[in-house]
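Comments concern the structure below.
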Amino acid sequence: MGEAVKNLYVHFPFCRGKCTYCALCSKAGVSRADRESYVNSLTRSISPIFPNGDGSRHSSPLSTIYFGGGSPALCDLRPLFKVLNPLIDKNTEFSVELHPLDVTEETLQVLKDGGVNRISMGLQSLNDDVLKHMRRGYTFDEAEKAFRLIKEYFENSGVDLIIGYPGDSWGQSPRLQRLSDWGLKHCSAYSLILEENSALFKLAQTGTVPPPQMGTVPLKLYSDEEIMDELSFISHFLSEIGLKRYEISNYSAPGYECRHNMATWNGEDYYGLGIGAHGRIGLKRTRNWWGQSPEIKPSLIFPQWGQSPEVETVSEEFDFKERKIFSLRTARGLDAGDCPHWIERLDRFAEEGLLEKENLVYRLTERGFEVCDSILAELI
Ligand code: SF4
């Protein structure tokens, strides 16, 4: 697998509690010993992937590293920072996702010392009842305090939001003004997807009355149109505070786009390490991968998870399509110069006002961003 891969994603599948809307690969209540064992396995996985990742400075540093989860800060990340140190330089973007309750001065200092320079905090909602119902475990005031502390250490910081959770209404939130003072450099705003494996799905489908500790959120799901309105509202709000949309769900101040995500959307290769991680290296697609070390297997660490490493080789045609189509998600757009057979269909979307065209580059319009999934589905 390729030496020239410049992007690395590492997944940490540990959480403080399981959020009601979440069907991601993550678990709450994993013991400290198992978390340590997981980090040890990651640490042993990294060096063999990179030819001289042996403590000497790597000749070709990584462009981006992203620690996602789950909650990476539930692990002691220092052994990983040590092994990654030869692979980073001043130009490496190193992002870590943080849960507000993991934010302490000590943690932030450890991240900074480890070379991290970008933080994404999972805020999700401004509404305390909704946060309680989601089982996030903090209030808006606590999240605000956590973010202000993050900003003392990391200028390049932003938040993740969920749009369309039952009982939430961004358009009517009295706390938007406070959010606008946080100095956000980035925001990801995802519409709620009712995942079958999530607790919310079960509550909504069965009409089960949630336990009192989950608060008093009405469990009426929003319609697609209502969610679309909320997304439009948020998009407008973010643009007013200087965050421009650069991808379907992502907004940033100028120059603060997430380079890691941009690399994957722009068709670059990336390693994905750990349980729940996906990677793309040439024609290889990896899942739950642990690098080249055959002795490291997640099934040995968490046999109960049953997540075996998978490496699949896709066809060149699939590879080309996948990389190309991803580019349409971004504000940079899709250059149809090398896929003339799509031009007729792309022109039709342009006539419908969903795409704008400049020479042979097609970009989503505001309306196009809203229905992007159906455009992508038609191209696939
Ligand atoms: S949303 Fe994040 S913190 Fe919550 S359970 Fe899922 S992975 Fe864990």
Query raised in the report: Of the residues that sit in segment 293-313 and are modelled with pLDDT under 90 and out of contact with any Ser or Thr (no Cβ under 8 Å at 6 or more places or on another chain), which one is surrounded by the most Cβ atoms within 10 Å (Cβ to Cβ)?
Result: PHE302
Query raised in the report: Within segment 314-367, how many residues turn out to be in contact with a Lys or Arg (Cβ under 9 Å, 6 or more places away or on another chain) and assigned to a loop (DSSP other than H, G, I, E, B)?
Result: 9
Query raised in the report: Hey, GLN124 hits all of (1) away from the ligand (no atom under 16 Å from the Cβ); (2) of a type outside the set (Gly, Ala, Ser); (3) modelled with pLDDT of 95 or more but one; which does it fall short on?
Result: (1)
Report summary line: Across (1) more than 16 Å from the ligand (Cβ to nearest atom); (2) surrounded by 19 or more Cβ atoms within 10 Å (Cβ to Cβ), GLU97 clears everything bar (1)
**Report entry** Count of segment 17-45 residues which are among the basic types (Lys, Arg), within 16 Å of the ligand (Cβ to nearest atom) and over 18 Å from the mean Cα position of the chain (by Cα)
**Finding:** 1
Query raised in the report: Restricting the first residue to segment 257-286 and requiring it to be over 17 Å from PHE50 (Cβ atoms) and modelled with pLDDT under 95, which pairs with a second residue that is buried (at least 20 other Cβ atoms within 10 Å of the Cβ) and of a type in the set (Lys, Arg) meet a Cβ separation below 6 Å and a spacing of at least six or different chains?
Result: TRP265/ARG329
Report summary line: Picking from LEU346, LEU334, the residue that is in contact with a Ser or Thr (Cβ under 9 Å, 6 or more places away or on another chain) and modelled with pLDDT of 90 or more would be LEU334
Report task. May I ask you to list the residues in segment 151-166 that are of a type outside the set (Val, Ile, Thr) and either touching a Leu at 6+ places or on another chain (Cβ under 8 Å) or in a helix (DSSP H, G or I) (or both)? Result -> LYS151, GLU152, TYR153, PHE154, SER157, GLY158, ASP160, LEU161, GLY164, TYR165, PRO166
Requested in this report: Only residues in segment 103-126 that are within 15 Å of PRO79 (Cα to Cα) count as the first member; pair them with residues that are among the basic types (Lys, Arg), Cβ under 7 angstrom, at least 6 apart or cross-chain, and list the lot.
Outcome: VAL110/ARG78; GLY114/ARG78
Query raised in the report: Which of the residues spanning segment 1-22 are closer than 24 Å to VAL311 by Cβ and in a loop (DSSP other than H, G, I, E, B)?
Result: MET1, GLY2, GLU3, ALA4, VAL5, LYS6, PRO13
Requested in this report: Being modelled with pLDDT under 95 and either among the basic types (Lys, Arg) or surrounded by fewer than 14 Cβ atoms within 10 Å (Cβ to Cβ) (or both) narrows it down to one of SER191, SER239, SER223, so name that one.
Outcome: SER223
**Report entry** Filtered residues of segment 332-375 (kept if surrounded by 15 or more Cβ atoms within 10 Å (Cβ to Cβ), touching a residue at least 40 places away in the same chain (Cβ under 8 Å) and not aromatic (Phe, Trp, Tyr))
**Finding:** ARG332, LEU364, GLU370, CYS372, ILE375
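The values are calculated or read from the model by the stated rules, or taken from the named source; none is laboratory data. Given the structure is predicted, the values throughout are model-derived calculations rather than measurements. Because the Cβ atoms are built from the backbone with ideal geometry, glycine has one as well, and the counts that use them run over all protein chains shown.
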